[in-house]
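The values are calculated or read from the model by the stated rules, or taken from the named source; none is laboratory data. Model, not experiment: these values are computed from the prediction. A quick note on method: Cβ atoms are made from the backbone with ideal geometry, for glycine too, and the neighbour counts reach across all protein chains shown. Please note that ligands, DNA and RNA were not included when accessible areas were found on the heavy atoms of the full protein model with its side chains. Shrake-Rupley method; radii C 1.70, N 1.55, O 1.52, S 1.80 Å.
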Protein chains: 2
Amino acid sequence: MATRDHGDPGDAPSAPPPLTPVVDDTRPSAAEEARTIAASTNTGTLASLTATGDPWASFITYGLLGGAPVLCVSNLAEHGRNLAGDPRASIAIVAPATESDPLANSRITLAGEVEQPSGDELAAARQAHLDAVPAAKYYVDYSDFTLWVLRVQRVRWVGGYGRMDSATAQDYAAAEPDPVKPSSAGAVEHLNADHADALAAMARTLGGYPDTVSALCTGADRYGLDLKVTAERGIAYTRVGYAAPIDSLGELRKAAVELTHRARQG
Amino acid sequence: MATRDHGDPGDAPSAPPPLTPVVDDTRPSAAEEARTIAASTNTGTLASLTATGDPWASFITYGLLGGAPVLCVSNLAEHGRNLAGDPRASIAIVAPATESDPLANSRITLAGEVEQPSGDELAAARQAHLDAVPAAKYYVDYSDFTLWVLRVQRVRWVGGYGRMDSATAQDYAAAEPDPVKPSSAGAVEHLNADHADALAAMARTLGGYPDTVSALCTGADRYGLDLKVTAERGIAYTRVGYAAPIDSLGELRKAAVELTHRARQG
(Lines give C-alpha, C1' and ligand atoms only; values in the text may rest on other atoms or scores of the structure.)
Protein backbone atom coordinates (compact mmCIF):
# COMPACT_ATOMS: atom_id res chain seq x y z
CA MET A 1 0.00 0.00 0.00
CA ALA A 2 1.34 3.39 -0.95
CA THR A 3 1.78 5.72 1.99
CA ARG A 4 3.31 9.14 2.01
CA ASP A 5 4.28 11.55 4.70
CA HIS A 6 2.21 14.63 5.26
CA GLY A 7 3.99 17.77 6.35
CA ASP A 8 3.11 16.89 9.92
CA PRO A 9 3.10 19.87 12.26
CA GLY A 10 3.98 17.42 15.04
CA ASP A 11 0.78 17.03 17.01
CA ALA A 12 -0.97 14.23 15.11
CA PRO A 13 -1.79 11.19 17.23
CA SER A 14 0.47 8.22 16.42
CA ALA A 15 -0.35 4.55 16.84
CA PRO A 16 1.98 2.22 18.75
CA PRO A 17 3.65 -0.38 16.48
CA PRO A 18 3.06 -4.12 16.96
CA LEU A 19 5.39 -5.84 19.45
CA THR A 20 5.23 -9.26 17.79
CA PRO A 21 4.81 -10.22 14.13
CA VAL A 22 1.33 -9.85 12.62
CA VAL A 23 0.63 -13.45 11.61
CA ASP A 24 -1.42 -12.78 8.46
CA ASP A 25 -2.35 -9.28 7.39
CA THR A 26 -3.65 -10.26 3.96
CA ARG A 27 -6.38 -7.85 2.92
CA PRO A 28 -8.27 -7.16 -0.30
CA SER A 29 -6.11 -5.62 -3.01
CA ALA A 30 -6.81 -2.10 -4.29
CA ALA A 31 -8.39 -3.72 -7.37
CA GLU A 32 -10.70 -5.81 -5.18
CA GLU A 33 -11.57 -2.83 -2.99
CA ALA A 34 -12.39 -0.82 -6.11
CA ARG A 35 -14.60 -3.55 -7.56
CA THR A 36 -16.40 -3.85 -4.21
CA ILE A 37 -17.06 -0.10 -4.07
CA ALA A 38 -18.19 0.00 -7.72
CA ALA A 39 -20.67 -2.80 -6.96
CA SER A 40 -21.94 -1.15 -3.76
CA THR A 41 -24.18 1.50 -5.35
CA ASN A 42 -25.68 2.75 -8.62
CA THR A 43 -24.80 6.44 -8.44
CA GLY A 44 -21.61 8.37 -8.94
CA THR A 45 -20.27 11.59 -10.34
CA LEU A 46 -18.95 11.88 -13.87
CA ALA A 47 -16.13 14.22 -14.84
CA SER A 48 -16.33 15.08 -18.53
CA LEU A 49 -14.89 17.82 -20.71
CA THR A 50 -16.83 20.77 -22.08
CA ALA A 51 -16.28 22.06 -25.61
CA THR A 52 -13.59 24.37 -24.21
CA GLY A 53 -11.87 21.57 -22.31
CA ASP A 54 -13.15 22.60 -18.89
CA PRO A 55 -13.86 19.85 -16.35
CA TRP A 56 -17.58 19.25 -15.75
CA ALA A 57 -18.79 17.30 -12.71
CA SER A 58 -22.31 15.83 -12.89
CA PHE A 59 -24.38 13.29 -11.00
CA ILE A 60 -25.01 10.04 -12.90
CA THR A 61 -26.47 6.57 -12.44
CA TYR A 62 -24.67 3.48 -13.71
CA GLY A 63 -24.77 -0.26 -14.06
CA LEU A 64 -21.72 -2.53 -14.34
CA LEU A 65 -20.57 -4.70 -17.21
CA GLY A 66 -17.78 -6.61 -15.55
CA GLY A 67 -16.21 -3.69 -13.75
CA ALA A 68 -16.97 -1.17 -16.50
CA PRO A 69 -19.60 1.47 -15.64
CA VAL A 70 -22.46 1.71 -18.14
CA LEU A 71 -24.08 5.15 -18.30
CA CYS A 72 -27.34 6.15 -19.95
CA VAL A 73 -27.42 9.89 -20.51
CA SER A 74 -29.38 12.32 -22.63
CA ASN A 75 -27.71 14.20 -25.44
CA LEU A 76 -29.79 17.17 -24.28
CA ALA A 77 -27.86 17.23 -21.02
CA GLU A 78 -24.49 18.94 -20.81
CA HIS A 79 -22.62 15.76 -19.82
CA GLY A 80 -24.19 13.90 -22.77
CA ARG A 81 -22.91 16.52 -25.19
CA ASN A 82 -19.53 16.48 -23.46
CA LEU A 83 -19.07 12.70 -23.86
CA ALA A 84 -20.11 12.91 -27.52
CA GLY A 85 -17.51 15.65 -28.03
CA ASP A 86 -14.59 14.10 -26.13
CA PRO A 87 -14.61 10.51 -24.82
CA ARG A 88 -12.21 11.16 -21.95
CA ALA A 89 -14.05 10.70 -18.67
CA SER A 90 -13.75 9.58 -15.10
CA ILE A 91 -16.26 8.55 -12.49
CA ALA A 92 -16.01 9.00 -8.73
CA ILE A 93 -17.98 6.51 -6.65
CA VAL A 94 -18.43 6.73 -2.90
CA ALA A 95 -19.25 3.60 -0.90
CA PRO A 96 -22.24 3.84 1.46
CA ALA A 97 -21.02 5.71 4.53
CA THR A 98 -19.99 3.70 7.58
CA GLU A 99 -18.19 6.56 9.38
CA SER A 100 -19.54 9.99 10.33
CA ASP A 101 -16.31 11.66 9.15
CA PRO A 102 -16.82 11.75 5.35
CA LEU A 103 -13.11 11.38 4.56
CA ALA A 104 -12.93 8.18 6.64
CA ASN A 105 -15.19 6.45 4.10
CA SER A 106 -14.10 4.56 0.98
CA ARG A 107 -14.24 5.92 -2.55
CA ILE A 108 -12.73 5.35 -5.96
CA THR A 109 -12.04 7.11 -9.22
CA LEU A 110 -12.29 5.11 -12.45
CA ALA A 111 -10.79 6.94 -15.44
CA GLY A 112 -10.60 6.17 -19.13
CA GLU A 113 -12.63 6.79 -22.26
CA VAL A 114 -16.28 6.14 -22.97
CA GLU A 115 -17.45 4.19 -25.99
CA GLN A 116 -20.91 3.40 -27.34
CA PRO A 117 -21.40 -0.36 -27.10
CA SER A 118 -22.48 -2.17 -30.23
CA GLY A 119 -23.44 -5.69 -31.31
CA ASP A 120 -23.81 -8.21 -28.48
CA GLU A 121 -22.30 -5.77 -26.03
CA LEU A 122 -25.10 -3.26 -26.64
CA ALA A 123 -27.78 -5.62 -25.33
CA ALA A 124 -25.59 -6.62 -22.38
CA ALA A 125 -24.79 -3.00 -21.55
CA ARG A 126 -28.47 -2.00 -21.79
CA GLN A 127 -29.43 -4.87 -19.46
CA ALA A 128 -26.59 -4.07 -17.03
CA HIS A 129 -27.84 -0.49 -16.76
CA LEU A 130 -31.48 -1.55 -16.35
CA ASP A 131 -30.57 -4.14 -13.70
CA ALA A 132 -28.89 -1.44 -11.61
CA VAL A 133 -31.27 1.44 -12.40
CA PRO A 134 -34.82 0.08 -12.80
CA ALA A 135 -36.31 3.55 -13.50
CA ALA A 136 -34.19 3.73 -16.66
CA LYS A 137 -36.87 1.65 -18.37
CA TYR A 138 -38.82 4.90 -18.78
CA TYR A 139 -36.11 6.59 -20.87
CA VAL A 140 -33.49 4.06 -22.02
CA ASP A 141 -35.18 3.83 -25.44
CA TYR A 142 -35.74 7.57 -25.91
CA SER A 143 -33.90 8.64 -29.03
CA ASP A 144 -31.92 11.32 -27.19
CA PHE A 145 -30.46 8.85 -24.67
CA THR A 146 -27.17 7.10 -25.33
CA LEU A 147 -25.55 4.17 -23.54
CA TRP A 148 -21.86 4.68 -22.86
CA VAL A 149 -19.41 2.13 -21.47
CA LEU A 150 -16.40 3.55 -19.61
CA ARG A 151 -13.30 1.66 -20.75
CA VAL A 152 -11.39 1.85 -17.47
CA GLN A 153 -7.70 2.68 -17.89
CA ARG A 154 -6.82 3.99 -14.44
CA VAL A 155 -8.15 3.08 -11.00
CA ARG A 156 -7.55 5.03 -7.82
CA TRP A 157 -8.85 3.70 -4.50
CA VAL A 158 -8.98 5.65 -1.22
CA GLY A 159 -10.05 3.54 1.74
CA GLY A 160 -10.05 6.36 4.27
CA TYR A 161 -7.26 8.27 6.03
CA GLY A 162 -3.87 6.91 4.99
CA ARG A 163 -5.31 3.92 3.09
CA MET A 164 -5.00 4.41 -0.66
CA ASP A 165 -3.48 2.85 -3.72
CA SER A 166 -3.79 2.60 -7.47
CA ALA A 167 -4.74 -0.53 -9.40
CA THR A 168 -3.95 -1.40 -12.98
CA ALA A 169 -6.78 -1.70 -15.48
CA GLN A 170 -5.90 -5.40 -15.83
CA ASP A 171 -6.05 -6.10 -12.10
CA TYR A 172 -9.30 -4.15 -11.83
CA ALA A 173 -10.89 -6.12 -14.67
CA ALA A 174 -9.74 -9.44 -13.22
CA ALA A 175 -10.78 -8.75 -9.62
CA GLU A 176 -14.13 -9.62 -8.03
CA PRO A 177 -16.25 -7.58 -5.63
CA ASP A 178 -15.79 -8.89 -2.09
CA PRO A 179 -18.51 -11.48 -1.38
CA VAL A 180 -18.49 -10.85 2.37
CA LYS A 181 -17.87 -7.18 3.16
CA PRO A 182 -21.09 -5.59 1.82
CA SER A 183 -23.33 -7.80 3.97
CA SER A 184 -21.08 -8.19 7.02
CA ALA A 185 -22.40 -5.39 9.26
CA GLY A 186 -24.63 -7.69 11.31
CA ALA A 187 -21.89 -10.27 11.80
CA VAL A 188 -19.39 -7.60 12.85
CA GLU A 189 -21.91 -6.25 15.35
CA HIS A 190 -22.42 -9.76 16.74
CA LEU A 191 -18.66 -10.32 17.12
CA ASN A 192 -18.34 -7.08 19.06
CA ALA A 193 -21.42 -7.65 21.21
CA ASP A 194 -20.86 -11.30 22.13
CA HIS A 195 -17.22 -12.22 21.44
CA ALA A 196 -15.14 -9.37 22.83
CA ASP A 197 -12.80 -11.81 24.62
CA ALA A 198 -12.14 -13.74 21.41
CA LEU A 199 -11.34 -10.52 19.51
CA ALA A 200 -8.93 -9.44 22.26
CA ALA A 201 -7.22 -12.86 22.12
CA MET A 202 -6.87 -12.53 18.33
CA ALA A 203 -5.27 -9.10 18.69
CA ARG A 204 -2.89 -10.42 21.39
CA THR A 205 -1.55 -13.55 19.70
CA LEU A 206 -2.23 -13.08 15.97
CA GLY A 207 -2.41 -9.32 15.55
CA GLY A 208 0.93 -8.30 17.07
CA TYR A 209 -0.39 -6.59 20.22
CA PRO A 210 0.32 -8.79 23.28
CA ASP A 211 -0.51 -5.73 25.41
CA THR A 212 -4.10 -5.63 24.10
CA VAL A 213 -6.66 -4.48 26.67
CA SER A 214 -9.64 -4.78 24.31
CA ALA A 215 -10.27 -5.10 20.57
CA LEU A 216 -13.16 -4.01 18.36
CA CYS A 217 -13.86 -5.56 14.97
CA THR A 218 -14.28 -2.72 12.47
CA GLY A 219 -14.74 -4.77 9.32
CA ALA A 220 -14.84 -8.24 7.79
CA ASP A 221 -14.03 -9.31 4.26
CA ARG A 222 -13.17 -12.54 2.47
CA TYR A 223 -9.61 -12.60 3.88
CA GLY A 224 -10.00 -11.66 7.52
CA LEU A 225 -11.01 -9.12 10.15
CA ASP A 226 -9.97 -5.53 10.77
CA LEU A 227 -9.38 -4.86 14.44
CA LYS A 228 -9.15 -1.60 16.37
CA VAL A 229 -6.99 -2.39 19.36
CA THR A 230 -6.87 -0.60 22.68
CA ALA A 231 -3.42 -1.61 23.89
CA GLU A 232 -1.61 -0.52 27.02
CA ARG A 233 0.47 1.74 24.78
CA GLY A 234 -2.47 3.36 22.98
CA ILE A 235 -4.92 2.82 20.13
CA ALA A 236 -3.75 0.82 17.10
CA TYR A 237 -5.22 -0.93 14.08
CA THR A 238 -4.33 -4.45 13.00
CA ARG A 239 -5.52 -7.36 10.99
CA VAL A 240 -6.15 -11.07 11.52
CA GLY A 241 -6.44 -13.43 8.54
CA TYR A 242 -8.67 -16.52 8.31
CA ALA A 243 -7.05 -19.91 7.70
CA ALA A 244 -8.21 -19.56 4.08
CA PRO A 245 -10.24 -16.96 2.13
CA ILE A 246 -14.02 -17.42 2.32
CA ASP A 247 -16.56 -17.04 -0.47
CA SER A 248 -19.71 -16.03 1.36
CA LEU A 249 -21.04 -14.50 4.56
CA GLY A 250 -22.23 -17.97 5.57
CA GLU A 251 -18.62 -19.10 5.98
CA LEU A 252 -17.69 -16.25 8.31
CA ARG A 253 -18.83 -17.94 11.51
CA LYS A 254 -16.64 -21.01 10.95
CA ALA A 255 -13.67 -18.84 9.98
CA ALA A 256 -14.09 -16.73 13.13
CA VAL A 257 -14.32 -19.83 15.33
CA GLU A 258 -11.08 -21.14 13.81
CA LEU A 259 -9.41 -17.76 14.41
CA THR A 260 -10.55 -17.84 18.03
CA HIS A 261 -9.17 -21.36 18.62
CA ARG A 262 -5.88 -20.43 17.04
CA ALA A 263 -5.67 -17.19 19.02
CA ARG A 264 -6.25 -18.99 22.34
CA GLN A 265 -3.61 -21.59 21.57
CA GLY A 266 -1.10 -18.83 20.81
CA MET B 1 -37.75 27.04 -16.24
CA ALA B 2 -36.07 25.52 -19.26
CA THR B 3 -37.72 22.39 -20.53
CA ARG B 4 -36.91 20.42 -23.64
CA ASP B 5 -38.54 17.60 -25.49
CA HIS B 6 -37.05 14.16 -25.29
CA GLY B 7 -37.30 11.91 -28.31
CA ASP B 8 -40.38 10.37 -26.72
CA PRO B 9 -41.21 6.89 -28.04
CA GLY B 10 -44.85 7.69 -27.19
CA ASP B 11 -45.54 5.71 -24.06
CA ALA B 12 -44.45 8.11 -21.35
CA PRO B 13 -47.22 8.96 -18.87
CA SER B 14 -48.53 12.50 -19.32
CA ALA B 15 -50.11 14.68 -16.66
CA PRO B 16 -53.47 16.39 -17.21
CA PRO B 17 -53.18 20.21 -17.49
CA PRO B 18 -54.88 22.54 -14.99
CA LEU B 19 -58.49 23.49 -15.81
CA THR B 20 -58.39 26.87 -14.05
CA PRO B 21 -55.51 29.32 -13.56
CA VAL B 22 -52.90 28.42 -10.96
CA VAL B 23 -53.23 31.38 -8.59
CA ASP B 24 -49.57 31.68 -7.51
CA ASP B 25 -46.94 29.23 -8.66
CA THR B 26 -43.97 31.22 -7.39
CA ARG B 27 -41.18 28.84 -6.46
CA PRO B 28 -37.52 29.24 -5.55
CA SER B 29 -35.34 30.36 -8.44
CA ALA B 30 -32.61 28.12 -9.81
CA ALA B 31 -30.11 30.29 -7.94
CA GLU B 32 -31.99 29.80 -4.67
CA GLU B 33 -32.36 26.06 -5.28
CA ALA B 34 -28.62 25.86 -5.94
CA ARG B 35 -27.74 27.78 -2.79
CA THR B 36 -30.06 25.53 -0.78
CA ILE B 37 -28.44 22.37 -2.16
CA ALA B 38 -24.92 23.73 -1.62
CA ALA B 39 -25.82 24.43 2.01
CA SER B 40 -27.43 21.02 2.54
CA THR B 41 -24.25 18.95 2.90
CA ASN B 42 -20.46 19.14 3.22
CA THR B 43 -19.43 16.61 0.56
CA GLY B 44 -19.33 16.69 -3.21
CA THR B 45 -17.30 15.56 -6.16
CA LEU B 46 -14.64 17.71 -7.76
CA ALA B 47 -13.85 17.60 -11.45
CA SER B 48 -10.31 18.80 -12.10
CA LEU B 49 -7.85 18.46 -14.96
CA THR B 50 -4.81 16.17 -14.99
CA ALA B 51 -1.49 17.27 -16.46
CA THR B 52 -2.67 15.88 -19.81
CA GLY B 53 -6.02 17.69 -19.63
CA ASP B 54 -8.05 14.61 -18.75
CA PRO B 55 -11.07 15.08 -16.47
CA TRP B 56 -10.54 13.70 -12.94
CA ALA B 57 -13.49 13.10 -10.61
CA SER B 58 -12.73 12.88 -6.90
CA PHE B 59 -14.64 12.97 -3.63
CA ILE B 60 -14.13 16.15 -1.57
CA THR B 61 -15.41 17.93 1.51
CA TYR B 62 -16.19 21.63 1.48
CA GLY B 63 -17.38 24.58 3.47
CA LEU B 64 -19.10 27.66 2.06
CA LEU B 65 -17.94 31.26 1.94
CA GLY B 66 -21.09 32.94 0.74
CA GLY B 67 -21.97 30.45 -1.97
CA ALA B 68 -18.36 29.68 -2.89
CA PRO B 69 -17.12 26.19 -1.95
CA VAL B 70 -13.91 26.16 0.10
CA LEU B 71 -11.84 23.01 -0.33
CA CYS B 72 -8.90 21.81 1.75
CA VAL B 73 -6.90 19.25 -0.20
CA SER B 74 -3.44 17.73 0.00
CA ASN B 75 -0.88 18.46 -2.69
CA LEU B 76 0.05 14.78 -2.36
CA ALA B 77 -3.37 13.81 -3.72
CA GLU B 78 -4.02 13.80 -7.44
CA HIS B 79 -6.76 16.43 -7.26
CA GLY B 80 -4.48 18.70 -5.25
CA ARG B 81 -1.80 18.53 -7.92
CA ASN B 82 -4.46 19.03 -10.59
CA LEU B 83 -5.78 22.25 -9.05
CA ALA B 84 -2.25 23.57 -8.63
CA GLY B 85 -1.61 22.84 -12.32
CA ASP B 86 -4.85 24.21 -13.79
CA PRO B 87 -7.39 26.21 -11.76
CA ARG B 88 -10.39 25.20 -13.87
CA ALA B 89 -12.74 23.08 -11.76
CA SER B 90 -16.32 22.18 -11.09
CA ILE B 91 -18.09 20.58 -8.16
CA ALA B 92 -21.17 18.38 -8.26
CA ILE B 93 -23.26 18.38 -5.08
CA VAL B 94 -26.21 16.07 -4.46
CA ALA B 95 -28.87 17.05 -1.93
CA PRO B 96 -29.75 14.45 0.72
CA ALA B 97 -32.02 11.92 -1.01
CA THR B 98 -35.76 12.25 -0.54
CA GLU B 99 -36.76 9.90 -3.39
CA SER B 100 -35.72 6.28 -3.94
CA ASP B 101 -35.15 6.94 -7.66
CA PRO B 102 -31.73 8.63 -7.63
CA LEU B 103 -32.49 10.83 -10.66
CA ALA B 104 -35.59 12.23 -8.94
CA ASN B 105 -33.38 13.94 -6.37
CA SER B 106 -31.86 17.42 -6.61
CA ARG B 107 -28.29 18.19 -7.54
CA ILE B 108 -26.13 21.00 -8.85
CA THR B 109 -22.90 21.66 -10.66
CA LEU B 110 -20.87 24.74 -9.74
CA ALA B 111 -18.13 25.53 -12.24
CA GLY B 112 -15.37 28.11 -12.38
CA GLU B 113 -11.77 28.46 -11.27
CA VAL B 114 -10.16 27.85 -7.91
CA GLU B 115 -8.01 30.40 -6.17
CA GLN B 116 -5.97 30.32 -2.98
CA PRO B 117 -7.52 32.82 -0.59
CA SER B 118 -5.22 35.39 0.98
CA GLY B 119 -5.39 38.20 3.52
CA ASP B 120 -8.67 38.48 5.42
CA GLU B 121 -10.30 35.98 3.10
CA LEU B 122 -7.80 33.27 4.11
CA ALA B 123 -8.94 33.28 7.74
CA ALA B 124 -12.60 33.39 6.69
CA ALA B 125 -12.13 30.54 4.21
CA ARG B 126 -10.26 28.44 6.79
CA GLN B 127 -13.04 28.99 9.31
CA ALA B 128 -15.76 28.26 6.73
CA HIS B 129 -14.12 24.93 5.94
CA LEU B 130 -13.65 24.05 9.62
CA ASP B 131 -17.25 24.98 10.45
CA ALA B 132 -18.51 22.54 7.82
CA VAL B 133 -15.86 19.82 8.26
CA PRO B 134 -14.84 19.62 11.94
CA ALA B 135 -12.34 16.78 11.32
CA ALA B 136 -10.32 19.14 9.11
CA LYS B 137 -8.78 20.51 12.32
CA TYR B 138 -6.47 17.50 12.22
CA TYR B 139 -4.94 18.43 8.85
CA VAL B 140 -5.87 21.98 7.85
CA ASP B 141 -2.50 23.24 9.06
CA TYR B 142 -0.39 20.45 7.54
CA SER B 143 2.05 22.01 5.11
CA ASP B 144 0.87 19.83 2.21
CA PHE B 145 -2.75 20.97 2.51
CA THR B 146 -4.03 23.96 0.58
CA LEU B 147 -7.28 25.89 0.91
CA TRP B 148 -8.93 26.64 -2.41
CA VAL B 149 -11.99 28.83 -3.02
CA LEU B 150 -14.01 28.00 -6.12
CA ARG B 151 -14.88 31.27 -7.88
CA VAL B 152 -18.24 30.18 -9.27
CA GLN B 153 -18.83 31.27 -12.88
CA ARG B 154 -21.54 28.84 -13.96
CA VAL B 155 -24.36 27.18 -12.04
CA ARG B 156 -26.49 24.30 -13.26
CA TRP B 157 -29.38 23.05 -11.14
CA VAL B 158 -31.34 19.82 -11.73
CA GLY B 159 -34.32 19.42 -9.42
CA GLY B 160 -35.34 15.98 -10.66
CA TYR B 161 -37.01 14.75 -13.84
CA GLY B 162 -37.83 17.69 -16.09
CA ARG B 163 -36.93 20.34 -13.52
CA MET B 164 -33.67 22.05 -14.39
CA ASP B 165 -32.24 25.43 -15.16
CA SER B 166 -29.06 27.45 -15.13
CA ALA B 167 -28.34 30.44 -12.89
CA THR B 168 -25.93 33.27 -13.45
CA ALA B 169 -22.96 33.66 -11.13
CA GLN B 170 -24.44 36.99 -10.00
CA ASP B 171 -27.84 35.49 -9.14
CA TYR B 172 -26.17 32.58 -7.37
CA ALA B 173 -23.99 34.90 -5.28
CA ALA B 174 -26.98 37.10 -4.38
CA ALA B 175 -29.39 34.28 -3.51
CA GLU B 176 -29.94 32.77 -0.06
CA PRO B 177 -30.40 29.13 0.91
CA ASP B 178 -34.09 28.44 1.54
CA PRO B 179 -34.77 28.95 5.27
CA VAL B 180 -37.71 26.52 5.30
CA LYS B 181 -37.12 23.59 2.95
CA PRO B 182 -34.23 21.80 4.71
CA SER B 183 -36.16 21.45 7.97
CA SER B 184 -39.70 21.07 6.57
CA ALA B 185 -40.02 17.26 6.45
CA GLY B 186 -41.91 17.01 9.75
CA ALA B 187 -44.30 19.83 8.83
CA VAL B 188 -45.00 18.26 5.42
CA GLU B 189 -45.71 14.93 7.11
CA HIS B 190 -48.11 16.65 9.52
CA LEU B 191 -49.96 18.40 6.67
CA ASN B 192 -50.45 15.07 4.90
CA ALA B 193 -51.41 13.14 8.01
CA ASP B 194 -53.85 15.64 9.55
CA HIS B 195 -54.88 18.16 6.89
CA ALA B 196 -55.67 16.14 3.76
CA ASP B 197 -58.96 18.00 3.25
CA ALA B 198 -57.23 21.37 3.38
CA LEU B 199 -54.63 20.24 0.81
CA ALA B 200 -57.37 18.98 -1.51
CA ALA B 201 -59.18 22.32 -1.18
CA MET B 202 -55.96 24.18 -2.04
CA ALA B 203 -55.47 22.06 -5.15
CA ARG B 204 -59.11 22.62 -6.21
CA THR B 205 -59.38 26.38 -5.88
CA LEU B 206 -55.80 27.69 -5.91
CA GLY B 207 -53.87 24.99 -7.76
CA GLY B 208 -55.91 24.78 -10.99
CA TYR B 209 -57.45 21.33 -10.45
CA PRO B 210 -61.17 21.67 -9.59
CA ASP B 211 -61.47 17.93 -10.26
CA THR B 212 -59.08 17.09 -7.39
CA VAL B 213 -59.90 13.86 -5.57
CA SER B 214 -57.00 14.11 -3.13
CA ALA B 215 -53.72 16.03 -2.81
CA LEU B 216 -50.43 15.21 -1.15
CA CYS B 217 -47.90 17.85 -0.10
CA THR B 218 -44.49 16.85 -1.48
CA GLY B 219 -42.49 19.85 -0.33
CA ALA B 220 -42.54 23.20 1.39
CA ASP B 221 -40.24 26.18 0.92
CA ARG B 222 -40.31 29.89 1.68
CA TYR B 223 -42.77 30.64 -1.14
CA GLY B 224 -45.36 27.87 -0.93
CA LEU B 225 -46.23 24.19 -1.13
CA ASP B 226 -45.67 21.58 -3.84
CA LEU B 227 -48.74 19.40 -4.31
CA LYS B 228 -49.15 16.03 -6.01
CA VAL B 229 -52.76 15.96 -7.13
CA THR B 230 -54.90 12.92 -7.82
CA ALA B 231 -57.53 14.43 -10.11
CA GLU B 232 -60.38 12.71 -11.90
CA ARG B 233 -58.28 13.01 -15.07
CA GLY B 234 -55.10 11.52 -13.60
CA ILE B 235 -52.03 12.46 -11.53
CA ALA B 236 -50.66 16.01 -11.78
CA TYR B 237 -48.30 18.31 -9.92
CA THR B 238 -49.08 21.88 -8.94
CA ARG B 239 -48.14 24.63 -6.61
CA VAL B 240 -49.85 26.90 -4.08
CA GLY B 241 -48.16 30.10 -2.91
CA TYR B 242 -48.43 31.65 0.55
CA ALA B 243 -49.83 35.18 0.91
CA ALA B 244 -46.20 36.32 1.34
CA PRO B 245 -42.81 34.57 1.51
CA ILE B 246 -41.84 33.31 4.95
CA ASP B 247 -38.44 33.45 6.63
CA SER B 248 -38.51 30.47 8.96
CA LEU B 249 -40.15 27.13 9.60
CA GLY B 250 -41.97 28.72 12.52
CA GLU B 251 -44.02 30.82 10.08
CA LEU B 252 -45.19 27.83 8.05
CA ARG B 253 -48.18 26.99 10.22
CA LYS B 254 -49.69 30.48 9.93
CA ALA B 255 -49.04 30.53 6.17
CA ALA B 256 -50.73 27.14 5.73
CA VAL B 257 -53.75 28.24 7.79
CA GLU B 258 -54.10 31.33 5.57
CA LEU B 259 -53.85 29.14 2.44
CA THR B 260 -56.56 26.85 3.83
CA HIS B 261 -58.94 29.75 4.57
CA ARG B 262 -58.36 31.21 1.12
CA ALA B 263 -58.85 27.82 -0.56
CA ARG B 264 -62.17 27.22 1.22
CA GLN B 265 -63.46 30.66 0.27
CA GLY B 266 -62.62 29.97 -3.38
* Structure fact -> Within the stretch A:247-266, the residues that are touching a Lys or Arg at 6+ places or on another chain (Cβ under 8 Å) and open to solvent by 10 Å² or more (accessible area, probe 1.4 Å) are A:247, A:266
* the stretch B:214-231, residues that are farther than 11 Å from residue B:202 by Cα, in contact (Cβ under 8 Å) with a residue 24 or more places away in the chain and over 18 Å from the mean Cα position of the chain (by Cα) -> B:231
* **Within the stretch B:186-200, tally of residues that are touching a residue at least 40 places away in the same chain (Cβ under 8 Å) and either part of a helix (DSSP H, G or I) or surrounded by 24 or more Cβ atoms within 10 Å (Cβ to Cβ) (or both)** => 3
* Can residue A:140 be described as open to solvent by less than 50 Å² (accessible area, probe 1.4 Å) and not in a loop (DSSP other than H, G, I, E, B)? -> no
* All but one of (1) within 11 Å of chain B (Cβ to nearest Cβ); (2) in a strand (DSSP E or B) hold for residue A:147, so report the exception by its number. => (1)
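Say we look at the stretch B:116-134 and pick out the residues that are more than 16 Å from residue B:151 (Cα to Cα) and either polar (S, T, N, Q) or over 26 Å from the mean Cα position of the chain (by Cα) (or both); which of these is most open to solvent (accessible area, probe 1.4 Å)?
In this case the residue turns out to be B:120.
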* To do: Mind counting the residues in the stretch A:69-80 that are surrounded by 24 or more Cβ atoms within 10 Å (Cβ to Cβ) and either out of contact with any strand residue (DSSP E or B) (no Cβ under 9 Å at 6 or more places or on another chain) or among the small types (Gly, Ala, Ser) (or both)?
  => 0
* Selection count, the stretch B:148-171, where residues are touching a Leu at 6+ places or on another chain (Cβ under 8 Å) and either on the phi > 0 side of the Ramachandran plot or not charged (D, E, K, R) (or both) -> 7
* Can you name every residue in the stretch B:165-182 that is in contact (Cβ under 8 Å) with a residue 40 or more places away in the chain, open to solvent by 60 Å² or more (accessible area, probe 1.4 Å) and over 20 Å from residue B:128 (Cα atoms)? -> B:166, B:168, B:171, B:181
* Structure fact -> Counting only residues in the stretch A:232-241 that are touching a residue at least 60 places away in the same chain (Cβ under 8 Å) and open to solvent by 10 Å² or more (accessible area, probe 1.4 Å), the one nearest to residue A:264 (Cα to Cα) is identified as A:238
* Those residues of the stretch B:92-140 which are in contact with a strand residue (DSSP E or B) (Cβ under 9 Å, 6 or more places away or on another chain) and polar (S, T, N, Q), in sequence order -> B:98, B:105, B:106, B:109, B:116, B:127
* Asked: When the stretch B:243-258 is examined, which residues are found to be farther than 14 Å from residue B:178 by Cα and either in a loop (DSSP other than H, G, I, E, B) or polar (S, T, N, Q) (or both)?
  -> B:243, B:244
* Hey, could you check the stretch A:92-109 for residues that are open to solvent by less than 30 Å² (accessible area, probe 1.4 Å) and of a type in the set (Ser, Thr, Tyr) and say which is nearest to the other protein chains (Cβ to nearest Cβ)? => A:109
* Consider residue A:57 against the criteria (1) in contact with a helix residue (DSSP H, G or I) (Cβ under 6 Å, 6 or more places away or on another chain); (2) open to solvent by less than 10 Å² (accessible area, probe 1.4 Å): it satisfies all of them except one. Which criterion is unmet? -> (1)
* Asked: Quick check: is even one residue across the stretch A:151-158 in a strand (DSSP E or B), open to solvent by 10 Å² or more (accessible area, probe 1.4 Å) and under 29 Å from residue A:256 (Cα atoms)?
  -> yes
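So if I check each of A:198, A:256, A:167, which one is modelled with pLDDT of 95 or more and assigned by TED's automatic domain parsing to the domain that holds residue A:61?
A:167
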* Asked: For the stretch B:28-54, what are the residues that are surrounded by fewer than 19 Cβ atoms within 10 Å (Cβ to Cβ) and not β-branched (Val, Ile, Thr)?
  -> B:29, B:39, B:40, B:51, B:53
* Asked: Would a scan of the stretch A:130-139 turn up a residue that is away from every other protein chain (no Cβ under 12 Å) and within 22 Å of residue A:55 (Cβ to Cβ)?
  -> no
* **Residue that is of a type in the set (A, V, I, L, M, F, W, C), more than 23 Å from residue A:247 (Cα to Cα) and not in a strand (DSSP E or B), where the choices are A:173, A:215, A:203** => A:203
